[in-house]
Every structure is written in structure tokens, then in C-alpha cells.
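Below is one structure, written out as C-alpha cells, with a few remarks after it.
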Amino acid sequence: MPHEKIVPDVSITSLAILDAEGKVDKDLEPDIDIQTLLKLYRFMVLARRFDERLVALQRQGRIGTFPPITGQEAAQLGAVAAIRPTDWLVPSFRETAAELWRGRGLDNIIIANNGLNEGGIMPDHSRDFPVSIPVASQIPHAVGLAWAARYRQSDEVVMVFFGDGATSEGDFHEAMNFAAVFQVPVIFVCQNNQWAISIPLSRQTRSETLAQKAVAYGMPGIQVDGNDILAVYAAAEEAVARARSGGGPTFIECVTYRVLMHTTADDPKRYRSDEAVDAWRRKDPLIRFETYLRAKGVLDEAKIAGLQSEIEGEIKAAVDHAEARMKTMGDPMEMFDHQYAAMPPTLRRQKAILERELAADGREVEHE
Amino acid sequence: MNKLTMVQALNLALRQEMEADDSVIVLGEDVGMDGGVFRVTDDLIHRFGASRVVDTPLAESAIVGMAIGMAAYGLRPVCEIQFSGFAYHNFHQLENHAARLRWRSRGRYPVPMVLRAPYGAGVRALEHHSESREVYWAHTPGLKTVIPSGPRNARALLVSAIRDPDPVVFYEGKALYRAFREAVPEAVETLPIGQPQIAREGSDVTLIAYGAMVRPTLAAAEALDVQEGVKAEVIDLLTLSPLDDRLLVESVRKTGRAVVVHEAPQSFGPGAEIVARLMEGAFFYLEAPIERVTGFDIVVPLFSREKSYLPSVPRIVRAVRRTLDQG
Ligand SMILES: Cc1ncc(C[n+]2csc(CCOP(=O)(O)OP(=O)(O)O)c2C)c(N)n1
Ligand SMILES: [Mg+2]
């Protein structure tokens, strides 16, 4: 029989629960308690205001280059809210909102962005990986964590984040394949912000959606409106439940938009128009969620104002605290720490050499 | 003559080679509309079109693998890897294929490609954006590793690299990109690949460096001359591999003393090979142990500590004094 149809038609669904104006689809509204809803809102505001503050600090030369997240708060928070503290988070480099939700300190982020190794310090009980800059390289680690959790008969799941550009790298495809073959509990969360620096999604893939790539690997794939925190949460919750109960991995494509520059070193005017950005700014995930919460009667002007000033205070305190802490940091010898469990003799010698050299520098400066 | 930064000089080399030869193709991440994150490929897409300046999807292995195929067909691809810290994604394409296709096909398929990548520390960059791992490529037989030290030689060497019949890894010190300007002639210049140059003549001690370390090495030579009348000869390798040691050996036979400077980690670094060559070629002329001023065997620290990590002018000066104090 020539041309027999052996793979049934593939269908990919796109989920949205809040419309562009923030009106909810009652049939799809997930059951989230009010406390959690308000916590999500709080972190959205915190992540947005913190991002703005970081851009300002960078422009003032008080921190180095960093990748802003504005506009991607819903994609990150909706997803990460679906996992437990005992589950694992494997971020790329643009998940500040998710990291804040998981408890990473604002001061810690400022310190890391200031080029201090100390910004990487994490609590012993942490189940979060540090940021990973080489695109897609962290995705296989999530598969390994999940495999190990299975092996140890734990019901932990692993959530890994990456961008649309990452789906072009071999590491992404290899990890997807492994996860499906081994049926490990991984939730692949792709923040499709439609740009990889200057490269638009259309130059990254000819696929209609990123979600459909999951089909080729034999796992469920879903597209969600990434600026709709309820949709992201609903999709993530379903994926987490499946993973936890032994149903294997899921791929979630969150369609969102990088409304700011790639990093503070980037100039988007070279490759995209402001109009497209403005259209996406109107789909601001924060405003849509706010509208929903107001309509639900759990948020009002007074509460918002109170929260805003509380968050301003929190950020200011974090900046002050970070800047005070940084005054006590910067001992050059720290760079030799954490290379190995035990420092090899050659490294000990090199460390002594640098100590001697820096001391000599000091004497020469005094001499002048 | 126009005074150009290294970014502009490299751009000039690409533009002129593309004008002269339609087999020269530029490909990589963000090389088109964005003109490369450091703007080395600025405006090329407007001059030569998207079929010759190719914005690729985000995949270094495919960029280099594709370049190998293009080169085997007879084109001259110049691929940009955005930062050398991401060239490990394409490691196996260079090691297993670019470096061997000529050998494996008994000369039928040469691979005349160039892989350009910024390397090195000193610009307050993020993790993975400051490494100096050129020795990986220098260690691979079949590859050439070229590292210019300023606008003028960068332009000339890039032209030579594009015309070279073999694969060339071309590392650009990102700390040099906009650090200073040099007069660069409009008329095309080349420089032979595989030949070091004397950057400053001297008779008391030989300083050997390449890439971004040439400037501090020259500054150290100047300081030694001004402060204590020491005449240091500075050799700029320009090509790390294949390393032609004849000039180095000749110089050290004359001076009897040598200091090697590089920002790559010390162990198994370029300095180790250079010192071995000098032991082979100039052992009986040495007056003092050879010194190495290098990076350390550690991950390059995040940027607030990178100044302490990098070899500095005073560190080089003190190393020279140590060799002079001997014998
Ligand atoms: C392997 C690798 N290649 C190149 C880069 C440089 N780079 C950093 S981010 C980026 C684009 C990533 O796009 P995407 O995956 O969509 O994530 P986004 O930046 O949009 O969050 C590139 C090319 C890198 N960090 N790693
Ligand atoms: Mg993206």
C-alpha cells in the first residue's frame, strides 16, 4: 500500500484563558486560591519594578550587562508556580521572575550582575540551578536531574526554561529525545519571546509552532498565551501532574514578547520597528492579570497602591543592602575558590604567586 | 590613511574580500541586520545582500558544519561565532572535519574556511564571554590559529586567512576591538600566516606575546627602557599555530633571556610549547630560566576580578627583572 498514512494528523492547541483585555473565560478558569493569586500578582509587580531598577542601575554604571525580562513575567511565574519547593528549577539566563519566586535574593542578583562570583552563592537546600548562559546547554541537565529523581524513587519533577532561539541548538533536540525515550518527569518551558537577539522566530524555524516539535519526540506539546498567567499556570499544572504521576515529559511553548533589548548592550533599533513592540506592550501580562483580579474583586486601587510602595521599599532596601555587602567583597583571592573540592598543589602555588604580585602592585602604588 | 579601530579594520577586510571574490560568504548569528554584536559585519548585508551575509538560526555546530560543506564545494565561508566561549558547541566539526577533510579525502576536499570569534577578558562581560582557549585549536593538527594584535595586522591577516587554502581559526581580542586606532591603508594588504613579527627591537631580553597581550607587553618594554635602560625585544606571534619558532629562537640566542605572556591559563598553555621550543633551540644560550606571565588555572572570574586575573604591565616588568637578576 503506497503512501499509507501511519501518523495520524497532528494537532496542536493554543490555550488562552484571559483575553487581551483581561476578561476571563469562565469555563477554563483554573482553580487557584486567592492567596496564591495575590502572591502571583505581587511577584509580577516585583519582577517588573526590579527589572526597571536593574536597567536604571546599569545605565548609571552601578551594575554590568544583564538581560531584562519585562513582559515575560507571566510566562515565568505561571509556570514556576506549578512546581513545589522540593522540585527542581533549571533556568537559562532570562528567568529573573522565576528565580525571585523560588527565593533568590534581589541583592544576590545585583551582586552577580556586578561581576562578583559571590552572586552565585546559593542555600544548601536549593533545588535551583544557577543561570546558564550557553544557549540550550542546560536542557540536558534537567533530563539528568529527572532521571536521578526517578532512580531514587522520588516524585520530584524538573522544570527547565529556555528561549525560542534555544530550539535551534542540538542540545535542545537531544534533551527532548532523551526525556521522551526515558519518560522522565521534565517540564520543558519555552519562553518564545519571538527574538533571539536580532533573529526573529521566522528565521529560527519554519515550523508553524514550536509546540509541534514535541510531537516528533513523542511527548505532548502545547502552545499557550505566555502573557496570560492563568493559561500558563493551567498548562504547567497539567504537565506537572502528568510528570509526577509517571506520565513523562511535556513541552510548553509560552508565546510572549521581549519588549526591551536583548541585554543592556543591545540596540534593537537596528533590527526591529517600534510599532511591533508597541502592539505587544498593549498585551502586557501585568495589566491583564490586574484587570482579572479587579473584576474578581480581590484587588482594588488602594491595595495596588499599598503593594507598589511596599515593593519600592523592598527594592530600595535590596539595592542598599547589596551595595553595602559589595563593599566587603572583591578579595581577588576568592577567584581560586571552588575550582575543585581540594585545591591541587599547582593551583596553591599560582594563588601564592598572585598574592605576591598584588602585594608588589600595592608597594609600587605606595611608592609613587 | 584612515585611522581605524580593529572593528572597522576587520570590516574593511571582509568588505574588500567580498567585493573581490563572490565565493566569500559571511554567516553566523546576528551577522546580518544587527551587523554582529560587535559590529564587525556592519553594513555588509546592505552591500552584498542576504544571500552572502547569512543570518543563521542559533546553532554553532550547524554553522561550522555548513561552512565545511560550503568550503568543500569551493566557496570561502567566513563564519562568526558570537563569542569564542560558544565555539565548544562546534568543537567536533572543527576537530573531526574541518581539520581533516583534506587529509581524509587525500587532498580532494580542502576546507578553505575561516572561523572568526572574539576571545579574551577585559571588557566587563558575562560568564563565558572572557575566555582565552585558543590552545584547543592550536592543539588540533590541520587547523591554523591566527590572533592579531591591532587594527592593521588584523585587517591584513584576515585577508590572508580568507585566501588561505586551509581552515583558519581567527581569534579577535575583544579588548582590542575599540581600544585604539591605527592607520590602515585602503589598498589591500596581506600578512603571511605562520610568521611572527618583531614588534620592538631589543638586545637584553625577549618578550613573546600575541593578541590582546601584545599591548601590555610593549608597554612593559617601554617602561623598562625608560626606567632602567633595559632593551627588551618584543615578538608578536600573530599566528599561534602552526608555530614558526625560528624568529623566537634567533632572538633568544641573542638576548639569552625570555618572558612569555598570555592570558590563557598557564598549564598546558601556549607558553608551555613556546618554552619547550626555546629549550630545544636556544638552551645553550640561556642566561636565566624562562618566565611565564599568564592567566591562572581557574575559570576566568566574573568581571569585577578580571583585572587581577589578567597579566598586567607591572607583572610583566617584574618577571623581566627576575630574569635579568639571574646570571
Ligand atoms: C551557545 C550560545 N550561542 C550564542 C550565545 C549568544 N546569545 C546569548 S542569548 C542569544 C539569543 C538567545 O535567544 P533565545 O533562546 O530566544 O532566548 P532569549 O534571549 O530570547 O531569552 C544568543 C545568540 C549564547 N549565549 N550561547
Ligand atoms: Mg527569544
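Restricting the stretch B:10-31 to residues that are over 21 Å from the mean Cα position of the chain (by Cα) and of a type in the set (Gly, Ala, Ser) leaves a set whose member that is farthest from ligand 1 (Cβ to nearest atom) is B:ALA20. Just the residues that are surrounded by fewer than 17 Cβ atoms within 10 Å (Cβ to Cβ) and either at pLDDT below 95 or within 27 Å of B:SER130 (Cβ to Cβ) (or both), please, taken from the stretch B:66-95. Within the stretch B:66-95, B:PHE91, B:HIS92 qualify.
Against the definition (within 19 Å of B:VAL40 (Cβ to Cβ) and either outside any loop (DSSP other than H, G, I, E, B) or free of Cβ contacts under 8 Å to residues at least 40 places away in the same chain (or both)), how does B:LEU158 come out, yes or no?
On the way: within 19 Å of B:VAL40 (Cβ to Cβ): yes; either outside any loop (DSSP other than H, G, I, E, B) or free of Cβ contacts under 8 Å to residues at least 40 places away in the same chain (or both): yes.
Yes.
Residues of the stretch B:73-110 that are out of contact with any Leu (no Cβ under 6 Å at 6 or more places or on another chain) and among the small types (Gly, Ala, Ser): B:GLY74, B:SER84, B:GLY85, B:ALA87, B:ALA98, B:SER105, B:GLY107. Within the stretch A:34-50, can one find any residue that is in contact (Cβ under 8 Å) with a residue 40 or more places away in the chain, of a type in the set (A, V, I, L, M, F, W, C) and farther than 19 Å from A:LEU286 by Cα? No - not one qualifying residue is present in the stretch A:34-50.
Looking only at the stretch A:151-171, decide whether some residue is assigned by TED's automatic domain parsing to the domain that holds A:ASN108, of a type in the set (Phe, Trp, Tyr), within 14 Å of ligand 1 (Cβ to nearest atom) and within 20 Å of the chain's Cα centre (by Cα). Outline the logic, then answer.
Applying the first criterion (assigned by TED's automatic domain parsing to the domain that holds A:ASN108) to the stretch A:151-171 yields A:151-171.
Pick out the ones that are also of a type in the set (Phe, Trp, Tyr) and you get A:151, A:161-162.
Right, trim to within 14 Å of ligand 1 (Cβ to nearest atom) and you get A:161-162.
Keeping just the survivors that are within 20 Å of the chain's Cα centre (by Cα) gives A:161-162.
Yes.
Number of residues in the stretch A:192-223 that are away from every other protein chain (no Cβ under 14 Å), within 16 Å of ligand 2 (Cβ to nearest atom) and not in a loop (DSSP other than H, G, I, E, B) equals 1.
Among the candidates B:VAL261, B:VAL249, B:VAL299, B:VAL275, the residue that is assigned to a strand (DSSP E or B) and within 24 Å of the chain's Cα centre (by Cα) is uniquely B:VAL261.
Exactly one residue among B:ALA62, B:ALA67 is within 11 Å of another protein chain (Cβ to nearest Cβ), within 16 Å of ligand 1 (Cβ to nearest atom) and not in a loop (DSSP other than H, G, I, E, B), and that residue is B:ALA62. Checking each residue in the stretch A:159-191 for being farther than 21 Å from A:PRO130 by Cα and in a loop (DSSP other than H, G, I, E, B) picks out A:GLN183, A:VAL184. The set of residues in the stretch A:117-143 that are under 23 Å from B:PHE86 (Cβ atoms) and either within 9 Å of another protein chain (Cβ to nearest Cβ) or in contact with a Ser or Thr (Cβ under 7 Å, 6 or more places away or on another chain) (or both) comprises A:ASN117, A:GLY119, A:GLY120, A:VAL131, A:SER132, A:ILE133, A:PRO134, A:VAL135, A:ALA136, A:SER137, A:GLN138.
The values are calculated or read from the model by the stated rules, or taken from the named source; none is laboratory data. Remember, it's a predicted structure, so these values are computed and weren't measured experimentally. Every residue, glycine among them, receives a Cβ derived from its backbone with ideal geometry; neighbour counts consider all protein chains shown.
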